[in-house]
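The values are calculated or read from the model by the stated rules, or taken from the named source; none is laboratory data. Quick caveat: nothing in here was measured; it's all calculated off a predicted structure. Glycine also receives a Cβ, built like all others from the backbone with ideal geometry; neighbour counts cover every protein chain displayed.
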Amino acid sequence: MTQAKSTSTSQQATKARSTSTSQSKSSSSAQSQKTTSTAKKATSSTSGHKYVTVKAGQGMFRVAYNNGLTTAQLMQMNGLTSSSQLYPGQQLRVR
């Protein structure tokens, strides 16, 4: 009877560790998805162009660099000049 009781306790401990590990993984996965989704907001229009939203503190170089463009390419696609200012929430075409 002692052996059966210790086996049962061992199984419960294994189950508890398994449950804890799977909860930890799903929590970590959900957290990484949340981080990823807020990293870059890009939308596509019906014409196939891709747009991004300027975040607070971003300049023309940062928007261009984050999207694999030069500042000249970004300015040309969006009709901007080197003295143009970007504003948070502004939509810029990047493709």
Hand me the list of helices (runs of 4 or more DSSP H) wholly inside the stretch 2-95 holding 2 or more residues that are loosely packed, with under 13 Cβ neighbours inside 10 Å, modelled with pLDDT under 95 and within 21 Å of the chain's Cα centre (by Cα). 2-39
Note down all Cβ pairs under 7 Å where the first residue falls in the stretch 71-94 and is at positive phi, the second is β-branched (Val, Ile, Thr) and modelled with pLDDT of 95 or more, and they're at least six residues apart or on different chains. Gly89/Thr53; Gly89/Val54
